[in-house]
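Q: A single structure is presented below for examination.
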Amino acid sequence: MDSRFTLEKRIAAELKSYDGHMGFYADDLKGNVVAINADEDFETASTIKAYILACLFDQIQQKQASLEDILTYGPQHMVSGSGLVHSMDLGMKLRVKDAATLMIIVSDNTATNMIIEYLGLDTINACIQKLGCRDTCLHRPLRFDSDGLGRLGTSTPKDYASIFIRLAKGTLISPEADAAMIEILKKQHYNSMIVRDFPIYYMDGEDNGEEASIQVASKSGSMDECRNDGGIVFTPYGPYVIVMMHKNFSDPMYYSDHPATRFGARVSRMMLDQYLALEGRFLL
């Protein structure tokens, strides 16, 4: 029997009673990959913002953009939902670096539109393709009016994982750019799925003044038809990458105990336990 089948079978058993459909991709960065429905298309929701961040740093690497350029918040950028900038006065100035950071750490939709306009939609999609993510596309800026009810972005768990795999290896844009992106992604506030069931002991270093023994650099995303999360989990045994994308569930409401979040968190904890038990691998 294929030794990889056991872990995939355990995940499938965990999802047996799940009212929804999950795509999954995990890589222990030591040659072991676990994948379920990993080549299927999913709505990205805000996970597309990680791709936009990568494209920004790619343009900076090519000297076509700068983190110090100044953006002006205009009415064309304004969109409701997550973030802070839409509550600020029109005409507010932001550095590209600050808008990109807000785009990731509080998933700011208006700041995202500012970055999309700065880079250009065609440039972003060309960059996504250049990075090897053939099944990923940003279809439009963020809007929630009658003109913005279609898909925001589409991707696959395998494509999304490939971004984090190369970030972890320092081979996505450059070692320096990748390290900078990881530091931004580590500050992301909405770690609702990957770390939800992690032991708090591993995640909190404040009591002893030390760094947490487990840290995550990630970007999640949610819309009515999807719940997604993906990123790098840094452990004392090294990092691993995990991506979970959900669709076809019956409840479109967003709340912390949504079945997609609960079942995704169970699978994430299963992978953490496996990785720690085998001291840095998913499989022997």
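Q: For region 184-284, please list each of the strands (runs of 3 or more DSSP E) lying entirely inside it that holds at least 2 residues being surrounded by 17 or more Cβ atoms within 10 Å (Cβ to Cβ) and either among the hydroxyl-bearing types (Ser, Thr, Tyr) or not assigned by TED's automatic domain parsing to the domain that holds residue 6 (or both). Working first, answer last.
A: On the way: elements: 215-223, 226-235, 238-247.
Where strands (runs of 3 or more DSSP E) fall fully within region 184-284 and carry at least 2 residues being surrounded by 17 or more Cβ atoms within 10 Å (Cβ to Cβ) and either among the hydroxyl-bearing types (Ser, Thr, Tyr) or not assigned by TED's automatic domain parsing to the domain that holds residue 6 (or both), they are 215-223.
Q: Now for a different question. Would you say residue 124 is hydrophobic (A, V, I, L, M, F, W, C) and in contact with a strand residue (DSSP E or B) (Cβ under 8 Å, 6 or more places away or on another chain)?
A: Answer is yes for this residue.
Q: So residue 139 ticks every box in (1) touching a Lys or Arg at 6+ places or on another chain (Cβ under 7 Å); (2) within 29 Å of residue 239 (Cβ to Cβ) but one. Which box is left unticked?
A: The failed condition is (2).
Q: Just wondering, is there one or more residues in region 102-113 that are without any contact (Cβ under 8 Å) to a residue 40 or more places away in the chain, within 15 Å of the chain's Cα centre (by Cα) and under 17 Å from residue 231 (Cα atoms)?
A: Checking region 102-113: not a single residue is without any contact (Cβ under 8 Å) to a residue 40 or more places away in the chain, within 15 Å of the chain's Cα centre (by Cα) and under 17 Å from residue 231 (Cα atoms).
Q: Right, next: Has region 129-137 got at least one residue that is touching a residue at least 60 places away in the same chain (Cβ under 8 Å) and buried (at least 23 other Cβ atoms within 10 Å of the Cβ)? So that I can check it myself, show each step before the final result.
A: Initially, region 129-137 is screened for residues touching a residue at least 60 places away in the same chain (Cβ under 8 Å), giving 130-131, 133, 135-136.
Restricting the remaining residues to those that are buried (at least 23 other Cβ atoms within 10 Å of the Cβ) gives 136.
Checked region 129-137: at least one residue is touching a residue at least 60 places away in the same chain (Cβ under 8 Å) and buried (at least 23 other Cβ atoms within 10 Å of the Cβ).
Q: Of all the residues that make up region 1-32, how many are touching a residue at least 12 places away in the same chain (Cβ under 8 Å) and either in contact with a Phe, Trp or Tyr (Cβ under 8 Å, 6 or more places away or on another chain) or surrounded by fewer than 17 Cβ atoms within 10 Å (Cβ to Cβ) (or both)? Break it down stepwise before answering.
A: Filtering region 1-32 down to residues touching a residue at least 12 places away in the same chain (Cβ under 8 Å) leaves 3-4, 7-8, 10-12, 14-15, 18-30, 32.
Those still in the list that are either in contact with a Phe, Trp or Tyr (Cβ under 8 Å, 6 or more places away or on another chain) or surrounded by fewer than 17 Cβ atoms within 10 Å (Cβ to Cβ) (or both) too: 3-4, 7-8, 10-12, 14-15, 18-23, 25-30, 32.
Within region 1-32, residues that are touching a residue at least 12 places away in the same chain (Cβ under 8 Å) and either in contact with a Phe, Trp or Tyr (Cβ under 8 Å, 6 or more places away or on another chain) or surrounded by fewer than 17 Cβ atoms within 10 Å (Cβ to Cβ) (or both) number 22.
Q: The conditions are (1) under 19 Å from residue 180 (Cα atoms); (2) part of a loop (DSSP other than H, G, I, E, B), and residue 49 fails exactly one of them. Which is it?
A: Just one mismatch for residue 49, condition (2).
Q: Continuing with the same structure: State which residue pairs qualify: first residue under 20 Å from residue 248 (Cα atoms) and inside region 259-284, second residue polar (S, T, N, Q) and not in a helix (DSSP H, G or I) in any location, beta carbons under 6 Å apart, and separation of 6 or more residues or different chains.
A: Short answer, once both residue conditions are applied: 261/192.
Q: Which residue out of 17, 82, 87 is modelled with pLDDT under 90 and either in contact with an Asp or Glu (Cβ under 7 Å, 6 or more places away or on another chain) or of a type in the set (Ser, Thr, Tyr) (or both)? Give the steps one after another, and end with the answer.
A: On the way: 17 fails: modelled with pLDDT under 90; 87 fails: modelled with pLDDT under 90.
When all the criteria are applied, what remains is 82.
Q: Would you point out which residue out of 192, 220 is modelled with pLDDT under 95, under 18 Å from the mean Cα position of the chain (by Cα), at negative phi and of a type in the set (Ser, Thr, Tyr)? If you could, list the steps in order and put the result at the bottom.
A: Details: 220 fails: modelled with pLDDT under 95.
Residue meeting the stated conditions: 192.
Q: Those residues that are of a type outside the set (Asp, Glu), in contact with a strand residue (DSSP E or B) (Cβ under 9 Å, 6 or more places away or on another chain) and assigned to a helix (DSSP H, G or I), I need them from region 1-46; list them, please.
A: 4, 7, 11, 12, 45, 46
Q: Would you mind telling me which numbered condition in (1) under 23 Å from the mean Cα position of the chain (by Cα); (2) at pLDDT 95 or above residue 68 fails?
A: (1)
Q: Exactly one of (1) crowded, with 19+ Cβ neighbours inside 10 Å; (2) over 21 Å from residue 139 (Cα atoms) is unmet by residue 49. Its number?
A: Result: residue 49 passes all but (2).
Q: Okay, next question. Pick out the one residue from 27, 41, 58 that is within 22 Å of residue 120 (Cβ to Cβ), of a type in the set (D, E, K, R) and under 18 Å from the mean Cα position of the chain (by Cα).
A: None of the others qualify; the one that does is 58.
The values are calculated or read from the model by the stated rules, or taken from the named source; none is laboratory data. Quick caveat: nothing in here was measured; it's all calculated off a predicted structure. All Cβ positions, even for glycine, are placed from backbone atoms using ideal geometry, and neighbour counts span all protein chains on display.
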